[in-house]
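For reference, the structure is listed below as structure tokens.
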């Protein structure tokens, strides 16, 4: 009687679980399809580098007319740890399709990107203010929208409009004369994550109508891409 009851109970549990378990030689086996957990750092389970809302990403000061055109875009990328990460980018809403295409190309070709975190993240807040551009560059962070002036000037940067993106600043520094940003960075096209004319990332941006700072004459801004739209 006890044995029959045990079998009945086992069958009842199997029915309730509706396919999540199977019976093999009186042993309950969890179905691999139901129990499998994807490894961390894969396309199905990426490492999350940034997970904030649009309002949080736009908390740094900027006039409303600049902010209202920006959108938060989630992107996947292959990073220097050989794993897949997920980050966020703030860009003008009209450039979202371009950004998605570029990041897909970078991912498909395993072009490594350290991180993609909005410039208003608390990690770039120091001494009561955002020292965001310097801190982001030192962290080798990739970012786009940032309401600020151009480096060494007074006019608004294309980043202020969400028309520009900087990728891997440590591998792709800003160079003008003796000024190198971030400090200590070295441009070497043999290093992973470095942008060059032959890079599939550079070629994709240019095909989509973007300008690369690595092609400029008076200075080199290897990390920088911009596509100017009407305001």
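Quick notes
- The listed residue being farther than 15 Å from residue 224 by Cβ and surrounded by 13 or more Cβ atoms within 10 Å (Cβ to Cβ), out of 145, 125: 125
- Every listed requirement among (1) part of a strand (DSSP E or B); (2) more than 22 Å from residue 80 (Cβ to Cβ) is met by residue 160 save one, (1).
- Filtered residues of the stretch 152-192 (kept if touching a residue at least 60 places away in the same chain (Cβ under 8 Å) and on the phi < 0 side of the Ramachandran plot): 158, 160, 161, 163, 164, 165, 192
- If you go through the stretch 163-203 and keep only what is closer than 18 Å to residue 219 by Cβ and in a helix (DSSP H, G or I), you end up with just 202.
- In the stretch 130-144, the residues that are on the phi < 0 side of the Ramachandran plot and in a helix (DSSP H, G or I) reach residues that are at pLDDT 95 or above and buried (at least 20 other Cβ atoms within 10 Å of the Cβ) with C-beta atoms within less than 6 angstrom, at least six apart or across chains, in these pairs: 136/143; 137/169.
- Single residue of the stretch 93-120 satisfying the filter (buried (at least 21 other Cβ atoms within 10 Å of the Cβ) and touching a helix residue (DSSP H, G or I) at 6+ places or on another chain (Cβ under 8 Å)) that is modelled with the lowest pLDDT: 120
- Within the stretch 8-89, strands (runs of 3 or more DSSP E) holding 2 or more residues that are out of contact with any strand residue (DSSP E or B) (no Cβ under 7 Å at 6 or more places or on another chain), more than 30 Å from residue 108 (Cα to Cα) and modelled with pLDDT under 95: 21-24
The values are calculated or read from the model by the stated rules, or taken from the named source; none is laboratory data. Note that this is a predicted model, so its numbers are computed, not measured. When we count neighbours, we look across all protein chains shown, and the Cβ atoms used for this are built from the backbone with ideal geometry, even at glycine.
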